[in-house]
Amino acid sequence: MGTVGLSTAFVALAAFFWGLSGGIGGILMNDGWDPFVVSFYRGVIGLLFVLAWLSVRPHGSGLGSRRLWFWSAIAGLGVAGNFAFYFVSIAQGSVAVAATLMYSAPVFVYLVSFALKLESPTALKWTAITVVMLGIVLLTQIYDVGASGITPIGVGAGLLAGLSYTVFIFGFKYAAPHGSPQAILSIAFAVLAAILIWPSDLDQMIAVLGTPDWPLFAILGVIGAGLSFILYVIGLNYTAPAVASIVAMVEPVTASLFGVAVLDESLVAPQILGMGLILVTVTWLSVHSSSAQPSPDTIRKDG
C-alpha cells in the first residue's frame, strides 16, 4: 500500500473509531453514567495520548507562541462541546440519530457563511441544504408528535455537537501555522478537561476509578480521542480533503450499525431515508467545497 493509500486508511480507521466511540458511550450511559462524566474521561485519556506524542516529537511545538495557545484554546472549547453535546444527544435519543445530526453540521456552516457573505449562495447549494433539512425532518420524526425515543433536547444537542466540532476545526486551522498538531491537541484536550470538570457529577467522576466499567472508559478514551485523533492528523498529510469527506461517512454509518446491532435501537423506513439523504448530500457538499477551495468543514467528520 502506497503512502496515499495508507494515509486514507488512517483517516478511515479514525472515522471508524469515532463511530464506535458513540456506541461505547451509549453503553456507558445506559449503565447510568452521566454524559459529561463520559465526555470528561474520553478527553482526559485522549490528553494522555497526545502528551505522549508531544514528548516523543517535541520539535517545532510552538508552545512559546501566544497565538498557538489562543487558537488551541478555541479548539478545546469546540471539542469539549462536541464530546458533551454528542453524548447528551445519545442519552436523549439514539446513537444513529445523534451521529447523523452531528454529520449535518457543514450545512449550518454554509448558512452562516451565506449570512456573513463568506460563501456565494447558488441554486444547487440551496437545493442541497433543503434536501438535508428534509432528511433531518424524516430522521428526527418531528412531524410525528407520537414518535418515541427522540426529544427536542436530543435533536438540539446533536446539531450543537456538529457545530462545536466546526469550532474545533477553525481553531485547529488557525493554530496550525504556529505549532505542531500534537501541541495543539495537547492544549485543546487540557482545555476540554478543565471545562467538563464543572458540569460533571463529582461522585461519579470518583466512582469511575473503581468501577467494573473502567475498561469501557479506557477503550472509549483510546479509540475515541487518543489514537483516533493521532491517526486522523497523520492521515490528512497525504489525503485530499474531498477523499477525507467521503471517508468520513464511515463514522455515522458505524455508529448507526452499532446502535442497531448492540444497543437494540431501531429505525423506521422514513428515518433510514432521512439518514441517507443527509449522508449523501452533506458528503456531496463537502466534496464540492473542497474541490473549489480548502474548506474547514471537510477536515473531519464532519463530530
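A few remarks follow.
- Test: residue in region 132-140 that is over 21 Å from residue 191 (Cβ atoms), at pLDDT below 90 and under 18 Å from the mean Cα position of the chain (by Cα): yes
- Residue in region 198-214 that is under 28 Å from residue 27 (Cβ atoms), small (Gly, Ala, Ser) and part of a loop (DSSP other than H, G, I, E, B) present: yes
- Evaluating residue 4 against the criteria (1) more than 20 Å from residue 83 (Cα to Cα); (2) surrounded by 19 or more Cβ atoms within 10 Å (Cβ to Cβ); (3) among the hydrophobic types (A, V, I, L, M, F, W, C) leaves one unmet condition, (2).
- Test for residue 44: is it more than 20 Å from the chain's Cα centre (by Cα), β-branched (Val, Ile, Thr), at negative phi and part of a helix (DSSP H, G or I): no
- Residues (under 15 Å from the mean Cα position of the chain (by Cα) and among the aliphatic types (A, V, I, L, M)) located in region 247-273: 247, 248, 249, 250, 253, 255
- Out of 108, 85, 114, one residue alone is within 21 Å of residue 166 (Cα to Cα), of a type outside the set (A, V, I, L, M) and modelled with pLDDT of 95 or more. It is 85.
- All positions within region 76-105 that are over 12 Å from the mean Cα position of the chain (by Cα) and either over 17 Å from residue 258 (Cβ atoms) or in a helix (DSSP H, G or I) (or both): 76, 77, 88, 89, 90, 91, 92, 95, 96, 97
- Among residues of region 51-70, those that are in contact with a His (Cβ under 7 Å, 6 or more places away or on another chain) and assigned to a helix (DSSP H, G or I), counted: 2
- Some residue of region 27-36 being outside any loop (DSSP other than H, G, I, E, B) and among the small types (Gly, Ala, Ser): no
- Among (1) in a helix (DSSP H, G or I); (2) at pLDDT below 95; (3) more than 28 Å from residue 181 (Cβ to Cβ), the one test that residue 235 misses: (3)
- Qualifying residue in region 200-219 (condition: modelled with pLDDT of 95 or more, crowded, with 18+ Cβ neighbours inside 10 Å, closer than 28 Å to residue 5 by Cβ and under 19 Å from the mean Cα position of the chain (by Cα)): no
The values are calculated or read from the model by the stated rules, or taken from the named source; none is laboratory data. These numbers were taken from a predicted model, which means no experiment stands behind them. Glycine also receives a Cβ, built like all others from the backbone with ideal geometry; neighbour counts cover every protein chain displayed.
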